[in-house]
Every structure is written in C-alpha cells, then in structure tokens.
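**Student:** After the structure tokens below, expect a handful of questions from me.
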Amino acid sequence: MSIENVEKFISEFARSLHEETFVKMTLGNYKGADTHLQKLLLRLVETKKGTRLFFLYRYDMRDTAKNHDFTEGTKIIRELLGKDFFSGHLFTTENDFQLDIGKKDKSRLNVAKPTFKTKPTLEHNREKQVQVNPNAFYLKALGITTDRGEIRDKQQDKWRQINKFVETLSSLFDKSNLKDKKSLNIVDMGSGKGYLTFAAYDFFKNIRGLDVKITGIDTKQELVGLCNDIAKASEFEDLKFVNGWIGDYELQDVDILIALHACNTATDDAIFKGIKAEADLIVVAPCCHQEIRPQIKPPEMFRNVFKHGIMLEREAESITDGLRALLLEKSGYSTKLFEFISTEHTPKNNMIVGTKQAKKDDTEKIAEQINSIKDFYGIKEQRLESLLDGDQLIKKSVL
Ligand SMILES: C[S@@+](CC[C@H](N)C(=O)[O-])C[C@H]1O[C@@H](n2cnc3c(N)ncnc32)[C@H](O)[C@@H]1O
C-alpha cells in the first residue's frame, strides 16, 4: 500500500484516454472544503472542438458541469486525488480500477475484469442531454422527479417542455449578440410555478457558468412564496420571484425578457416592457388569445368559414400572434414565430422570438401592413399596438 498506487491509477487513466479504452470514471469519498460536493463523474463527450472530458460535479442538491481537454483533465484529477477526493473508480474496456486512499499517504489499488467491454458511443448531442439536470433539487421540489431523480409518469410532458425550452433558449442565446456576455439579466413575466424559470437559471448558471440573475414575476403570492423557498433551498442565490402585475413592473435593465403562457394580453404587456427596456431577446409563448376574437368581423368571403367557432378561434390566434410579430419588427426586432414543442405535448405551443437589431426595418411599410390586416378583419384594438402608440404619444409630448 503506497502513494505509488495513486500515480498508477492516474497513469492508467491517462493511458486509457490515449489508447481510447476509457469508459468512465468516478471520484468519491470527498473530504474537501465544500460541504455540499459529493462526487465527480467523468465521461467523454463529442464537442465542436473534438472529444473532451466531461466533468460533472455532483452536489447534494445540484450538479455543475465543465468540459476539459485530456491534458487539462488529467492535471485536474492529479490535483484532486488525495487532496479532496480519496477514492477513484476507473472503468476501461480492459480493466476496472478501484483506488482507495487512506491515512498517511497509504493507498490500495484493486484491478478487476472490465465491467464494460465496449466503449459507449459518443453522441454529438450528448451535451444537450445535460442542459437540464434531472438530479436538480428544484425538479424534486416541484414534483417533476422522484427522490431518486426519475421523471414521474404524469410529468413526462412537462419534462419534455422544460427540456425543449432550455434547448431553444440555449440556441437563441448562442446566435444572439449576448453570446459572449459573461453576465446576464433575465426577467420571466408570468413565471407561475417557475418550472421554466428554474431550468433557465440552472442552465445559464451551472451548465454555462455565467453570472446570471433571473427575476420571475407573478400575481399569485402563494406561487411566488413557494418559488422563493425552493430557490433558497437550491442555493440559487440570484434567482428571485416577485409578486406583482406585469404591467406595473418597472423593468429597466434586461438582456432577455421571457413570458411563457402569460394569459391573454399579459403577453402584450410583457412584450411592451421588453421593447421599452430594449431587451436583446424577447421570448414569448402566448396563450388564451381572447382580445381579437370578439372583434373580428369576417369579410363576406369568409363568412361560411368563420361561422365555425374553431376556425374563428384559430384565425384569431394567428392574427394576434402575427400582429405581435409585426409590431416587434416595427420596434426594431427581427422575429421568428414557430411551434416550440409539438401539440401532442401541450396545446400552448407557439413561440414568438424577437431579437434586437442595430437598425429598424422600414417601419412605415410595416405600419401599413398592420393597418391593412386590422381593416380587413374589422379589428379596432390590439393591446400591444395601443401600448406602443401610447408610449409614442408620451415621448412626443415630452419632446
Ligand atoms: C399558465 S401560467 C404559466 C406559468 C409559466 N410561465 C409556465 O409556462 O410554466 C400563467 C401565469 O401567469 C400569471 N399571470 C397572468 N397574467 C399576469 C399579469 N398580468 N401579471 C403577472 N402575472 C400574470 C398567472 O398568475 C400564472 O401564474
């Protein structure tokens, strides 16, 4: 028994990387300063820069992850073994190695037959799978996962929605002007029970390692209280929930404005706040479109189509969201409107994304288009337009 075993373990680890026999590794028996850290799990991941070691630090209530190249990864393992972690389990396709470090530099290394005879396939999208960590405490607290980190049967749709949302947000962020920012300010309007707010925070903070601050706003005090309690228990220090109305919220400094399934015209209030605060990204998934439908006077040629309630309802939804996208464009945003998760999982699935542009498109042309649509359907008022017009009037009167 000696410290040589530690060196042998590290050199077997490095050799397995070099000879491509590495399967996975776990460091345990943590005795370092962080009272919450429990384990370090390593596997390979395929990234744009080539194959990397994926380090997953498992805490009691959350995980954090980082990729390293082989040299850097081996150096970190060398630093951690015998200082913070006192056991290691290396799986290669040739052997399993179990290292235990005891007192006074004594150590034991067991070599056994391999548990895995073939290497796991490296999926290119493997990184995507950890965009939402199923072991996160907030998922348990919100009832999505069991104590063992399994997704509850009844929560499968919610789980898919959370994953799809984070995947969408991650891709929008990477393509935006914000992509190189190290700190982010996000506001989620109509945050409800906070599933998506928590997932966004965990992703930007713990997976991307950014200095992120998120504020969720909702009128329901009991949900705000619950979410603040879970954020505290998760040690999500910069995630806060505030009780209030979207329309009353003083929004000043924001990079990403989110409003998911905020009821009816609350979506318009949120978009308006985002435009006013010059958010770089505005991400909304509208629901219950009630404003336009009673206003629509179907043109004669559509009378027999829109006599069917469902057709009128769908048309009202399309016009409402189409007008919102046009109003965003008129305000200097490029837009995307798409189905962000299949209707099989949720009926509320359209997403409108506005990305702030350096210069505005031809606003007069867009205004003409908006007016033509409203005239065609006999629409008198659309909330977002009224808010933007009101704001223009205030600006003009101040000048
Ligand atoms: C359907 S839930 C969606 C929750 C969450 N965004 C999600 O997608 O899982 C809508 C939430 O918006 C809140 N809400 C609706 N109108 C609001 C307003 N004007 N101001 C603040 N919150 C509002 C409701 O209280 C509710 O919790």
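What follows is calculated from the coordinates using simple rules that are stated; it is not laboratory data. Bear in mind the structure is a predicted one, so any value in this text is a computation, not a measurement. Don't worry about glycine lacking a Cβ; one is built from the backbone with ideal geometry, like all the others, and counts go over all protein chains shown.
**Student:** Cross-link candidates for LYS104: which aspartates and glutamates have Cα within less than 19 Å, leaving aside residues fewer than 8 places away along the same chain?
**Tutor:** GLU4, GLU7, GLU79, ASP84
**Student:** So what are the ³J(HN,Hα) numbers for the stretch 319-334, from phi and the Karplus equation (6.51, -1.76, 1.60; θ = phi - 60°), rounded to whole Hz, Gly and Pro as x?
**Tutor:** 5, 4, 6, x, 5, 4, 5, 5, 5, 5, 4, 4, 8, x, 10, 8
**Student:** Quote the charge dipole size of the chain about the Cα centre in Debye, to the nearest 20; the model charges only the Cβ of Lys and Arg (+1) and of Asp and Glu (-1). Numbers along the way, then the final one.
**Tutor:** On the way: 62 positive and 61 negative charges, 194 e Å.
I would put it at about 940 debye.
**Student:** Can you pull the semi-axes for the stretch 156-398, root of five times each eigenvalue of the Cα gyration tensor, sorted largest first, whole Å?
**Tutor:** Working: eigenvalues 193, 89, 56 Å².
Those come to 31, 21, 17 Å.
**Student:** Over the chain, what is the mean sequence separation of C-alpha contacts under 8 Å (at least six apart), divided by residue count, expressed as relative contact order in percent? It would help to have the intermediate numbers written out before the result.
**Tutor:** Working: 707 pairs, mean separation 41.6, N = 399.
Relative CO of the chain lands at 10 percent.
**Student:** Report ³J(HN,Hα) in whole Hz for each residue of the stretch 70-78, in order, from the Karplus equation J = 6.51 cos²θ - 1.76 cosθ + 1.60 where θ = phi - 60°; Gly and Pro get x.
**Tutor:** Calculated HN-Hα couplings, in order: 4, 5, 5, x, 5, 4, 5, 4, 4 Hz.
**Student:** Select from ALA279, ILE256, LEU41 the residue farthest towards the positive end of the dipole of the chain; place +1 on Cβ of Lys and Arg, -1 on Cβ of Asp and Glu, and compute about the Cα centre.
**Tutor:** The one lying farthest along the dipole's positive direction is LEU41.
**Student:** Another question, if that's okay. Looking at this model, which pairs from LYS213/LYS360; LYS164/LYS359; LYS8/LYS83 are more than 19 angstrom apart at the alpha-carbon?
**Tutor:** Values: LYS213/LYS360 29 Å; LYS164/LYS359 31 Å; LYS8/LYS83 17 Å.
Pairs exceeding 19 Å: LYS213/LYS360; LYS164/LYS359.
**Student:** Does the stretch 4-127 come out rounded, prolate or oblate, given a ≥ b ≥ c as the square roots of the eigenvalues of its C-alpha gyration tensor, rounded meaning a/c under 1.5 and, failing that, prolate meaning a/b above b/c? Don't skip to the answer; put the middle values down first.
**Tutor:** Working: a/c = 1.80, a/b = 1.17, b/c = 1.53.
Here the stretch 4-127 falls in the oblate category.
**Student:** So, one more: Can you compute the helix-only [θ] at 222 nm over the chain? Use -39500 (n - 2.57) per DSSP H run of at least 4 residues, normalise by all residues, nearest 500 deg cm²/dmol. Mind dumping the intermediate values first?
**Tutor:** Numbers: 12 runs with 143 residues, N = 399.
Result for the chain, helices only: -11000 deg cm²/dmol.
**Student:** Relative to the Cα centre, what is the charge dipole magnitude of the stretch 4-127, using +1 at the beta carbon of each Lys and Arg, -1 at the beta carbon of each Asp and Glu, and rounding to the nearest 20 debye?
**Tutor:** On the way: 23 positive and 19 negative charges, 36 e Å.
Dipole size: approximately 180 debye.
**Student:** Say R0 is 25 Å: what FRET efficiency, to the nearest 0.05, do GLU300 and ALA367 get from their beta-carbon distance?
**Tutor:** Details: r = 26 Å, r/R0 = 1.05.
Here the calculated transfer efficiency is 0.45.
**Student:** If you don't mind, another one. Report, in degrees rounded to the nearest 10, the 0 to 90 angle that the Cα long axis of helix 266-276 makes with the longest principal axis of the chain.
**Tutor:** Taking Cα atoms only, the helix is inclined about 80 degrees.
**Student:** Using Cα pairs under 8 angstrom and six or more residues apart, how large is the relative contact order of the stretch 5-78, in percent?
**Tutor:** Values: 97 pairs, mean separation 17.4, N = 74.
23 percent.
**Student:** Ordered by packing density, taken as the mean number of other Cβ atoms within 10 Å over each peptide's residues, highest first, how do 91-100, 174-183, 75-84 rank? Could the numbers behind the result be given before it?
**Tutor:** Values: 91-100: 18.7, 174-183: 12.0, 75-84: 15.7.
Highest mean packing first, the order is 91-100, 75-84, 174-183.
**Student:** Show the residues, 5+ positions off or on another chain, whose built amide H is closer than 5 Å to the amide H of LEU210.
**Tutor:** Distant-sequence amide H within range of LEU210: LYS205.
**Student:** Counting pairs of alpha carbon atoms under 8 Å apart in space and at least six apart in sequence, what relative contact order in percent does the stretch 150-297 give?
**Tutor:** Numbers: 235 pairs, mean separation 32.1, N = 148.
Result for the stretch 150-297 is 22 percent.
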